[in-house]
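Every number in this text was worked out from the coordinates using simple rules, so none of it is lab data. What you see is a predicted model; the values in this text were computed from it and never measured. Don't worry about glycine lacking a Cβ; one is built from the backbone with ideal geometry, like all the others, and counts go over all protein chains shown.
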Amino acid sequence: AQSVTQLDSQVPVFEEAPVELRCNYSSSVSVYLFWYVQYPNQGLQLLLKYLSGSTLVKGINGFEAEFNKSQTSFHLRKPSVHISDTAEYFCAVFSGGYQKVTFGTGTKLQVIP
Amino acid sequence: EPEVTQTPSHQVTQMGQEVILRCVPISNHLYFYWYRQILGQKVEFLVSFYNNEISEKSEIFDDQFSVERPDGSNFTLKIRSTKLEDSAMYFCASSAAVTYEQYFGPGTRLTVT
């Protein structure tokens, strides 16, 4: 089976401060990993993805994530957040053997002015 | 860049009514999926579809649900007799192959009253 754990349901952070949103996964086969952002009442927007290659992945809006196979983690980081980053962030894992993307429970990022 | 589209963006229906949600996957993709997200919860897999057959489904996808690819471009999700608890955002996704990443549509918000 594959699963995703996002331990932090809410993360408040001051504007221009750095942030890290944590994600751990489990899967018995090789995986693809994703971070999606969801603004209120909107759909899912892909922030970044890890398919293979370099373990440091850069995405849109200044976000990046690092794939760590030994720790089965894929934490999302941004060095300086803006008010507009306030949204919910979902980590997701896909492995071909299961034919489906499994999402974490989401982390609400609240940027405080 | 090609994208998955979904119509309508918002559907309101009365309990017990049938509803059909429509999706147009990316044109050269062969695998199609439906997910749903109940308000405030995580995104959950419903069903995957390939070669005009369901290839995997979750326990949520009971006899009230069905999927169809009625022509070469559309992929539909039908709920025969809607219940209040079917109110959710429904996302369609498609992929070129089962081991490839899935591309998500913007979602249809279904409200059952």
Given the residues A:13, A:4, A:29, which is the only one that is in a strand (DSSP E or B) and more than 13 Å from the chain's Cα centre (by Cα)? A:13
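Looking only at strands (runs of 3 or more DSSP E) that lie completely in the stretch A:34-93, which have at least 2 residues being within 19 Å of residue A:16 (Cα to Cα) and more than 13 Å from chain B (Cβ to nearest Cβ)?
Values: elements: A:45-50, A:56-58, A:64-68, A:73-78.
Those strands (runs of 3 or more DSSP E) span A:64-68, A:73-78.
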Failed condition for residue A:107, given (1) more than 14 Å from chain B (Cβ to nearest Cβ); (2) touching an Asp or Glu at 6+ places or on another chain (Cβ under 6 Å), with all others met? (1)
Would you point out the residue of the stretch B:49-63, among those that are within 14 Å of chain A (Cβ to nearest Cβ) and either of a type in the set (Ser, Thr, Tyr) or not in a strand (DSSP E or B) (or both), that is farthest from residue B:6 (Cα to Cα)? B:59
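Go through the stretch B:1-52 and report how many residues are aromatic (Phe, Trp, Tyr) and without any contact (Cβ under 8 Å) to a residue 24 or more places away in the chain.
Qualifying residue count, the stretch B:1-52: 1.
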Of all residues in the stretch B:29-43 being buried (at least 20 other Cβ atoms within 10 Å of the Cβ) and closer than 17 Å to residue B:84 by Cβ, which is farthest from the other protein chains (Cβ to nearest Cβ)? B:36
State the number of residues belonging to the stretch A:1-33 that are charged (D, E, K, R) and either within 12 Å of another protein chain (Cβ to nearest Cβ) or under 24 Å from residue B:4 (Cβ atoms) (or both). 0
Return the residues of the stretch A:44-97 that are surrounded by 12 or more Cβ atoms within 10 Å (Cβ to Cβ) and of a type in the set (D, E, K, R); say none if nothing qualifies. A:49, A:64, A:66, A:77, A:78, A:85, A:88
From the options B:81, B:94, residue that is of a type in the set (Ser, Thr, Tyr) and exposed (fewer than 15 other Cβ atoms within 10 Å of the Cβ): B:81
